[in-house]
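Colleague: The structure is given below, and queries will be raised subsequently.
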Amino acid sequence: MRIPTSASLVSSVCLVVMLTLFTRTLFAIDEERRPNVLLISIDDLNDWTGCLGGHPQAKTPNIDRLADRGTLFTNAHCQSPVCNPSRSSLLTGRYPHSSGVYFLSPDLKQAPALQNLDTLPEHFAKNGYRTFAAGKIFHTRDKRFFQKYGGSFGGFGPRPKKKISEPHGHPLWDWGAFPERDDQMPDYKIANWAVEKLKAQPSDIENPFFLGVGFYRPHVPMFAPKKWFDLFPRKKIKLPLVKNDDRDDLSAYAISLTNDKHVSPEHEWVVSAGEWDHAVQAYLASVAFADYCLGLVLDALDASPHKDNTVVVLFADHGFHLGEKQRWAKRTIWENGTRVPLIVVAPEFKKGQRCNKPAELLDIFPTLLELTSLPADEKQEGQSLVPLMKDPKSEWPHIALSSFGKGNYAVRSEHFRYIVYLDGSEELYDHRSDPHEWNNLAADKSMADIIKAHRKHVPTEQADVLPGNSTGHKAYKAASSLLTK
């Protein structure tokens, strides 16, 4: 046996120490290079964007250029077609049927199942990120969840002294050219706040940031300065395609759930008042304005030292009807109510990708954990979308699940939408041939296996609806009362 000399021992020890220091340094560099996160929300934005093609006249050059930089999920859906439950789900990683937060109330911190969970920005703060935001990321009280919150800058305002187009109903339900200038709009102020924050962040990479930017438009009131309306001349507005007997094959429960006790105007009134084209014009103008504000933020990011080390996620909290299925606003689990833009841009991933696999807003939380090399949370109910960012056509056994109250679910696969209501009635649509969901195939015997495959994704364990008096609660109660008669 050879006995090592003191010189060789010293050399071996030195080599071990050097390797240890190198390894520690390597991991330290990896940790220091954790990317920043820019999370951008656009309130009530449906698929009326250039890249999604929801309306032929939509003008969204900045959403489109962001899509060109990363992966656009063309089949992405919210977990509830209402602001509060959708955002609560996204920001906690829990489905509404797990939390009981199905409607506009209660606040997520009032839900027993959510009280002890770290929300998305809180989780990042605990892992060394500097977190700050402005505008609407959460449904309310964003200040609780970010280390620094810049404010709402007026939120859904400003509003004229007298309503412009919709004289009755909820105070927010109105549309028209107002106010005079961009700088009077909250979203413009939010964008400029974000621009200044991006400029002010240190160029070192030891302390990454998590920046939330939440725009309020095109949420009602659908107001924007006149120059945005001028982009869409009213006489040339193309109205959504509507089939007058579209709902004739629905149950009384389904019709009540999607049409009763809501604050939005009746489609019949909008048409008879001659306001349909004006409202569509206002929505397109509001979307174009929100897109402009997004562009200000993207330009600032591009001019900053953070351009190549920032993950950007853009999402909308739910879809929006503008007459389709004789409905206005949200609160339905049809395609118009749940489909949303979802774009993820991350360093070293391919650009310009489009993925048609079903994705959920619930997937944002675990996706960001993986993209920033933070530990995965096995209790998250969503899926990381990173495998689809690596290969948009890879095998994907998951679906997108949406709900509007206990017992009402939509299951969206790559080609089909299956809906089941609390009364047991069902709908099935094949999006390859029926993108408007006009032809309900639920009674077609040849589709029995398809229905069975989708039905298995409907949750068997469902939390009760937490108390509240929102419009969603009222619609749910009104529809449910039909089942006891």
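Colleague: Counting only residues that are assigned to a helix (DSSP H, G or I) and β-branched (Val, Ile, Thr), which one in the range 255-314 is nearest to Leu368 (Cα to Cα)?
Modeller: Applying the first criterion (assigned to a helix (DSSP H, G or I)) to the range 255-314 yields 255-259, 267-272, 276-302, 307-309.
Of the ones still in play, those that are also β-branched (Val, Ile, Thr) are 255, 258, 270-271, 280, 287, 297.
Values: Ile255: 38, Thr258: 34, Val270: 41, Val271: 43, Val280: 35, Val287: 26, Val297: 20 Å.
So, considering only residues that are assigned to a helix (DSSP H, G or I) and β-branched (Val, Ile, Thr), the one nearest to Leu368 (Cα to Cα) is Val297.
Colleague: Can I ask one more? Across the range 237-254, what is the number of residues that are assigned to a loop (DSSP other than H, G, I, E, B), surrounded by fewer than 19 Cβ atoms within 10 Å (Cβ to Cβ) and among the aliphatic types (A, V, I, L, M)?
Modeller: Number of matching residues: 4.
Colleague: Within the range 139-168, how many residues are buried (at least 18 other Cβ atoms within 10 Å of the Cβ) and either free of Cβ contacts under 8 Å to residues at least 12 places away in the same chain or acidic (Asp, Glu) (or both)?
Modeller: Total meeting the criteria: 2.
Colleague: Another question about this same structure. Which one of Ser98, Ser80, Ser86 is surrounded by fewer than 23 Cβ atoms within 10 Å (Cβ to Cβ), among the hydroxyl-bearing types (Ser, Thr, Tyr) and modelled with pLDDT of 95 or more?
Modeller: Ser98
Colleague: Can you tell me how many residues in the range 413-426 are touching a residue at least 60 places away in the same chain (Cβ under 8 Å) and crowded, with 21+ Cβ neighbours inside 10 Å?
Modeller: Of the range 413-426, the ones touching a residue at least 60 places away in the same chain (Cβ under 8 Å) are 414, 417, 419, 421-423, 425.
Adding the requirement that they be crowded, with 21+ Cβ neighbours inside 10 Å leaves 417, 419, 421.
Of the residues in that region, 3 qualify.
Colleague: Sticking with this structure for a sec: For the range 395-412, name all the residues that are over 30 Å from Lys474 (Cα atoms) and either touching a residue at least 24 places away in the same chain (Cβ under 8 Å) or touching a His at 6+ places or on another chain (Cβ under 6 Å) (or both).
Modeller: Step one: of the range 395-412, the residues over 30 Å from Lys474 (Cα atoms) are 395-398.
Trp396, His398 - these are the residues of the range 395-412 that are over 30 Å from Lys474 (Cα atoms) and either touching a residue at least 24 places away in the same chain (Cβ under 8 Å) or touching a His at 6+ places or on another chain (Cβ under 6 Å) (or both).
Colleague: Follow-up. Among the residues of the range 435-456, is any modelled with pLDDT under 95 and β-branched (Val, Ile, Thr)?
Modeller: Looking for residues that are modelled with pLDDT under 95 and β-branched (Val, Ile, Thr), one finds none in the range 435-456, hence no.
Colleague: Can you say whether Gln326 is surrounded by fewer than 24 Cβ atoms within 10 Å (Cβ to Cβ), touching a Gly at 6+ places or on another chain (Cβ under 9 Å) and either in contact (Cβ under 8 Å) with a residue 24 or more places away in the chain or of a type in the set (Gly, Ala, Ser) (or both), as far as the supplied structure shows?
Modeller: no
Colleague: With the requirement that a residue be more than 24 Å from the chain's Cα centre (by Cα) and of a type in the set (Phe, Trp, Tyr), what does the range 415-474 give you?
Modeller: Trp438
Colleague: Of the residues that make up the range 301-310, is at least one of a type in the set (A, V, I, L, M) and either modelled with pLDDT under 95 or closer than 14 Å to Asn46 by Cα (or both)?
Modeller: Looking for residues that are of a type in the set (A, V, I, L, M) and either modelled with pLDDT under 95 or closer than 14 Å to Asn46 by Cα (or both), one finds none in the range 301-310, hence no.
Colleague: Let me ask something else. Answer yes or no: is there a residue in the range 337-355 that is part of a loop (DSSP other than H, G, I, E, B), modelled with pLDDT of 95 or more, surrounded by 21 or more Cβ atoms within 10 Å (Cβ to Cβ) and not aliphatic (A, V, I, L, M).
Modeller: Initial filter on the range 337-355 (part of a loop (DSSP other than H, G, I, E, B)): 340-341, 346-352.
When the remaining residues are screened for being modelled with pLDDT of 95 or more, the result is 340-341, 346-347, 349-352.
Now restrict to residues that are surrounded by 21 or more Cβ atoms within 10 Å (Cβ to Cβ): 340-341, 346.
Restricting the remaining residues to those that are not aliphatic (A, V, I, L, M) gives 341.
Yes, the range 337-355 has at least one match.
Colleague: Would you confirm whether any residue within the range 202-211 is within 21 Å of Leu120 (Cα to Cα), polar (S, T, N, Q), over 26 Å from the mean Cα position of the chain (by Cα) and assigned to a loop (DSSP other than H, G, I, E, B)?
Modeller: yes
Colleague: So in the range 366-407, with the set limited to residues that are of a type in the set (D, E, K, R) and surrounded by 16 or more Cβ atoms within 10 Å (Cβ to Cβ), which one is nearest to Asn336 (Cα to Cα)?
Modeller: Out of the qualifying residues, it is Lys406.
Colleague: In the range 374-485, which helices (runs of 4 or more DSSP H) lie fully inside it and hold 1 or more residues that are within 20 Å of Ala359 (Cβ to Cβ) and not acidic (Asp, Glu)?
Modeller: In the range 374-485, 386-390, 448-455 are the helices (runs of 4 or more DSSP H) which contain 1 or more residues that are within 20 Å of Ala359 (Cβ to Cβ) and not acidic (Asp, Glu).
Colleague: Follow-up. Residue check, Gly323 against (1) over 22 Å from Asp277 (Cβ atoms); (2) modelled with pLDDT of 95 or more, all met but one. Which one?
Modeller: Here Gly323 clears every test but (1).
The values are calculated or read from the model by the stated rules, or taken from the named source; none is laboratory data. Computed from a prediction, not measured in an experiment: that's the story for all the values here. Note that each Cβ is placed from the backbone with ideal geometry, even for glycine, and that neighbours are counted across all protein chains shown.
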